[in-house]
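*Asks:* Handing you a structure now.
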Amino acid sequence: MARLFKLFFTVLVFSAVAGGLLSMLEAVTKERIETQQLLFLKGPAVKEIMEGCSNDPLTDRIRIKEGKEERQFFVGKFDGKPNVVAFESYGKGFGGKIGVMVGVDIDKDKIVGIAITTHSETPGLGARAKTEKSFKGQFKGKDINKAFKVKADGGDVDAVSGATITSRGVCMALEEAKATYMKLKPEILKNLGKM
Amino acid sequence: MASFAREFTKGLWDEIPPFRFVLGLCAALAVTKSVDGALGMGIALTFVTVGSNVLISLFRKLIPNDVRIACYIVVIAAFVIVVELMMQAYTYALFEKLGIFIPLIVVNCIVLGRAEAFANKNPVLPSIADGLGMGVGYTMALVALASIREILGAGTFWGISVFGPSYKPFTFLLEAPGAFVCLGLMLAVMNIFKK
């Protein structure tokens, strides 16, 4: 019994100390990691969507609490008015989580563009969703209230060839984006009014 | 100090991990498409081997034999997360390039192998030498493999063109089968020198 306790206790101490130290390190690096992700992942995605806007959407962002989580909305000004918001939502692809940045015109409730941020899809197949313009481009001008479904599931989204599951994941992310947008639109409008 | 030097240098040639033991190949073949990725991976692995060797050697008399592997894994995993967080915070581009292979260092046989075969039985100083030697040897092997693959397969070294625009790259070397062929040839050459 004493021996068993010693085994148990050793592993417990090792794990507890390691876990404690790591959570400290995580807290210290958190802010820097966020800035880096902004610079390398979200930044390019937002710029791709907001091409031609007159402000810097990366600095003009608003944070809204959704339950416990805080969500960021990047605001783009076109014709001098803050009328496009971009935000990230997630779907499940073939190799894990797919992050999709969705830009929505807040006046017309229409998608201005999407861009893929994080993904772990197969290079040459699913990963093409990130680069293929014809795939991403088809969402441009679509109503955000519509259903997003690939053609194989009876919808009207053209999947990336050879990557139906990835395309489905992108649709899933867009469905999530729709839900978030609908829920938080009043809040977004309130914040935009202050800009 | 003589033993420090001996423990260090054995990892550089006599026991150079990927070639002599043919261990840790999964990551070694995947990250050697480019020299910068190979160097980054090598440095990450060196840090983890040295760090885990030091801690395991320090606690070698405290860890009960029955749970030693569990304790090693906790220590190694902790160091890997440190690397992962630091890379995300400071060298995000490299983190994106290495991706999944950073967390996979946890299960790299070289690290666990050194803990079990060396740090477990030796004092701290030789363990540092052993970890450092193995790490540097691994880095050298990766960089050598990556140099061949990048120079011939892409016509570049560290992203800079070597042969000029007229060179037609031998892209086969950048694919997985090319990596195996390249590794096999290197092992063959090393065997010639061994005799």
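Read the figures in this text as sums done on the coordinates, not as results from a lab. This is a predicted model, so every value here is computed, not measured. Cβ sites come from the backbone with ideal geometry, for glycine too, and all protein chains shown count toward neighbours.
*Asks:* Mind jotting down the distance between the C-alpha centroids of the stretch A:55-97 and the stretch B:66-117, whole Å?
*Replies:* 33
*Asks:* Compute the distance from the alpha-carbon center of the stretch A:134-195 to that of the stretch B:124-187, in whole Å.
*Replies:* Taking the Cα centre of each part, the stretch A:134-195 and the stretch B:124-187 sit 42 Å apart.
*Asks:* Against the longest alpha carbon principal axis of chain B, how many degrees, from 0 to 90 and to the nearest 10, is the axis of helix B:68-90 turned?
*Replies:* Around 50 degrees separate the two axes.
*Asks:* Considering Cα pairs under 8 angstrom that are at least six residues apart, work out the relative contact order of chain A and quote it in whole percent. Before the final figure, lay out each step's value.
*Replies:* Working: 316 pairs, mean separation 31.2, N = 195.
Computed value for chain A: 16 percent relative contact order.
*Asks:* Taking 23 Å as the cut-off for C-alpha to C-alpha distance, list the pairs among A:110/A:136; A:65/A:185; A:65/A:190; A:30/A:65; B:10/B:33; A:68/A:185 that go past it. Show your work: numbers first, answer last.
*Replies:* Details: A:110/A:136 15 Å; A:65/A:185 12 Å; A:65/A:190 13 Å; A:30/A:65 18 Å; B:10/B:33 27 Å; A:68/A:185 18 Å.
Exceeds cut-off: B:10/B:33.
*Asks:* Moving on. Assign unit charges at the C-beta atoms only (+1 for Lys and Arg, -1 for Asp and Glu), then state the dipole size of chain A relative to its Cα centre in Debye, rounded to the nearest 20. Display every interim value, and only then the final one.
*Replies:* Details: 32 positive and 24 negative charges, 70 e Å.
Roughly 340 debye, rounded to the nearest 20.
*Asks:* Can you pull the Rg over Rh of the stretch B:62-131, Cα-only, Kirkwood?
*Replies:* 1.04
*Asks:* Please average, across the residues of B:119-131, the number of beta carbons from any other chain that are within 10 Å of each residue's own beta carbon, and give a whole number.
*Replies:* 0
*Asks:* Here's something else I'd like to know. As an exercise, find the ratio Rg/Rh for the stretch B:14-70 from alpha-carbon atoms, using the Kirkwood inverse-distance average for Rh.
*Replies:* Ratio value, two decimals: 1.09.
*Asks:* Can I ask one more? Hey, what angle do you get for helix A:164-193 against the long axis of chain A, alpha-carbon based, 0 to 90 degrees rounded to 10?
*Replies:* 80
*Asks:* Here is a further query. If packing is taken as the average number of other Cβ atoms within 10 Å across a peptide's residues, how do B:42-48, B:142-148, A:133-139 rank, most packed first?
*Replies:* B:42-48, B:142-148, A:133-139
*Asks:* Would you mind telling me which residue in B:169, B:126, B:18 has the biggest mean-square fluctuation in a Gaussian network model of chain B, where springs connect alpha carbons within a distance under 10 angstrom?
*Replies:* It is B:169.
*Asks:* Sequence-distant or interchain residues sharing an amide H contact under 5 Å with residue A:160, placed H: which?
*Replies:* A:167
*Asks:* Divide, for the protein assembly as shown, the radius of gyration over alpha carbons by 2.2 N^0.38 Å, where N is the residue count.
*Replies:* My calculation over the Cα atoms of the protein assembly as shown gives 1.19.
*Asks:* Let me ask you something else. Along its principal axes, what span do the Cα atoms of the stretch B:2-145 show, with the longest given first and each in whole Å?
*Replies:* 40, 30, 23
*Asks:* Can you list, largest first and rounded to whole Å, the semi-axes you get for the stretch A:90-192 by taking the square root of 5 times each eigenvalue of its Cα gyration tensor?
*Replies:* Taking √(5λ) for each Cα gyration eigenvalue gives 24, 14, 12 Å.
*Asks:* Hey, another quick one. Along the charge dipole of the protein assembly as shown, pointing to its positive end and built from +1/-1 on Cβ of Lys, Arg, Asp and Glu, which listed residue (B:34, A:25, A:76) has its Cα farthest out?
*Replies:* Sorting the options by dipole projection puts first A:25.
*Asks:* Could I ask something else about it? Within a 10 angstrom radius of each residue's Cβ in A:26-32, how many Cβ atoms of other chains show up on average? Whole number is fine.
*Replies:* 3
*Asks:* Follow-up. Run the numbers on chain B and let me know its relative contact order in percent, using alpha-carbon pairs under 8 Å that are six or more apart.
*Replies:* 35
*Asks:* Let me ask something additional. Which of B:81, B:56, B:92 sits closest to the plus end of the dipole of the stretch B:1-102, meaning its Cα is farthest towards the positive end, when Lys and Arg get +1 and Asp and Glu get -1 on the C-beta?
*Replies:* Checked the options; the winner is B:56.
*Asks:* Related question: Set the Förster radius R0 to 22 Å, insert the Cβ-Cβ distance between residue B:116 and residue B:187 as r into 1/(1 + (r/R0)^6), and round the FRET efficiency to 0.05.
*Replies:* 0.35
*Asks:* For chain A, what are the per-bin percents of Cα-Cα distances with bins 5 Å wide, up to the bin holding the maximum?
*Replies:* Spelled out per bin, shortest first, that is 1, 7, 14, 17, 16, 13, 10, 6, 5, 4, 3, 2, 1, 1, 0, 0.
*Asks:* Please build a GNM for chain A, connecting alpha carbons under 10 Å apart, and tell me which residue among A:18, A:86, A:27 fluctuates the most.
*Replies:* A:18
*Asks:* Okay, next question. On a 0 to 90° scale, report how tilted helix A:2-37 is relative to the longest principal axis of chain A, with both axes built from alpha carbons and the result rounded to the nearest 10.
*Replies:* For helix A:2-37, the angle is close to 30 degrees.
*Asks:* Given labels modelled 7 Å from the Cα in the Cβ direction, how far is it in nm from residue A:120 to residue A:151?
*Replies:* About 3.1 nm, to one decimal.
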